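Scroll down for the structure; my scribbles are underneath it.
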Amino acid sequence: MFRKVLFSAMVLLLAYSLWFRPDILTITAGISLFLFGMLCLDQGFRQVSGGWLARTLKRTTRTPWSSYRAGLAATSLLQSSSLVSVLALSFVSTRLITLSAGIALLMGAGLGSTVGTWLIAAFGMKVAISHYAMPMLVMGTLLQLQKAHRLQGGGYVLLGLGFLLLGIHYIKEGMGGAGDSTLLTFDYGLLGGVLIGAILTVLMQSSHALQILVITAMSGGHLDYSDAIALCIGTNIGTTATAALAAITASADGRRLALANIAFKSVAAFYIVLTIPFWISTNQAIASVLGIAGNNMLELALFHTVFNIVGAVLMVPCLDPLQNFLSRLFVNQDKQNHLNIPMPVDESARATGLTQTALQHPDTALVALRTESTFLYRQTVALISFGLYVDNSLSHDNNLDLPESIPPWPNWRVGKLYKLQIRGIHEDICEFCDQLESQVSPEQKADIAALRMACNNFVGAIKQLRYLHKSLRRSVHSDTDSIREHYRLLRNRIITTLRQLQLFSQDENCDIPKAVSTLKRELYAQDFLSENSLQTLLKESKTDALHITALINDNGTAHNICNNLIDGAVILLLQGHGAVINPETDEQFALPFIPGSKPQPSQ
């Protein structure tokens, strides 16, 4: 509701301004072209990256210093600190990079955003940049007509650059005609200028757009140097709004990063505002050394750089205390890799990592999808262990033997637990896949299809377990020793399969296709229901034909469960998430229930 009211007010204010002050139309058109160019650049880099950006950031953010350099390089290239902030937020939320690396990344992004200010101040007011915009728009349009995903992405990049240059051109033209009547040219004072700069940056969602307006007003003599510095400080604060809005749907780590970004900019702004005379004189002294003294536009770009360097210097000693404070402020709701028994009937487990923030970039969306698929696998293992009347520890500990007797067990149906613990997660994953497929490259579409298939296999294994669990309820306490032994072997076969998958995930040098092929051959070799064994059971009158038929069906069901688990888990292993399917890597992995707890009534 608030956004609708704000949007309506902005439209009315803009319409009023354009009607009574037509000279402002050129400025607003230039801002619109500039912002549209930023959107095209954003879309282009999303398509061109194709997974490269995620891999690069993962390699270059292992230490705070390397993360700082990565943020500096990425923002210098993309020229959008807001975009890099949202990407960092998505990567931290999906655990692609750590929180400390994300904070350092944003510090570097702040400094990288000054590159655009330097370029605009040095060349934007002197060169007829509109001449360079036209070829970019033409070439970008031609590339957009191509079918190749990467070429289309390159077309978006060229279109974005062309619209950026064209927008700057019209802002210059409009500012020259509007003169002193623009919003920026009023004398707001230091604090008022900071506030106006922050508000305008939030509304335009681009600090570069406001920086261009400020530099253009300075070049025409409509804005004083001191007022421009106040607006510059405000733009640095306002640029945190994009990440803050994106953090609303992010994980606890994402909200921590957004708050750290606000703290970084706000602390630097507060310190510099309190000591503004010192920093103005320092900035002028550095400008004299660099030979740009007297050029207010280049001095403003220098001040923008000094601001971000000072902010980083102030924050580096506080990184560890800040991270500890944020960890206490936002508590991670870590996913327990076990079944929550009992669970309210009206509450269903959901895939909490598949948020709109994760959809901001295909790389982060794929990481989030793999993470939730892995969690679905581990929940599947927990539910299968429950359905087989064994502890979760047996599914990943080769030193434990399957007990001969069945301990006291909660009287919950597998179907009810599936609806509460699995189905909601699976539905969220499928819906997320549908939303993501339209944004990614063909190679990434293949990864999405594979992950969807893996999740379908896990659900298929649970649905097969429902039939086997009914037979186990009748047979594990059978008076016939041979029947109990046959069902013990069935349970052991599934547990052995889970253990083998865990071993594959632990072995970094494992040849996954070859190992899986061997496992499937061994699985079929374990079929104990040969013709002779069935005849022996009937001749010795140890059971009747009805039980034999049920045993044959359950033997096939156990094979289907194992095959579904193998086919699904191998996709996670081949996509590089083998380590995370290993329960021993997570301290939160626990038993599916507490033996001896009060069983709930059957549903």
For the range 255-270, Karplus couplings with θ = phi - 60° (6.51, -1.76, 1.60), whole Hz, Gly/Pro x: 5, 4, 5, 4, 5, 5, 5, 5, 4, 4, 6, 5, 4, 4, 5, 4
Taking a 1.4 Å probe, which of MET139, MET297 shows the most accessible area, and what order do the others take after it? MET139, MET297
Taking the Cβ of MET107 as the center, what net charge do the other residues with Cβ under 11 Å away carry, scoring Lys and Arg +1 and Asp and Glu -1? +2
Roughly speaking, to the nearest percent, how much of the range 190-287's 1.4 Å accessible area is carbon and sulfur? 74 percent
Output the relative contact order of the range 209-267, whole-number percent, from Cα pairs under 8 angstrom with separation of 6+ residues. 28 percent
For each pair in LYS463/LYS514; LYS416/LYS470; LYS147/LYS445; LYS419/LYS463, compute the distance between the two Cα atoms and list the pairs where it is over 18 Å. LYS463/LYS514
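The values are calculated or read from the model by the stated rules, or taken from the named source; none is laboratory data. In this text, all values refer to a predicted model and were calculated from it rather than measured experimentally. We place every Cβ from the backbone using ideal geometry, glycine too, and count neighbours over all the protein chains shown. Only protein heavy atoms, including side chains, enter the accessible area calculation; ligands, DNA and RNA are left aside. Shrake-Rupley method; radii C 1.70, N 1.55, O 1.52, S 1.80 Å.
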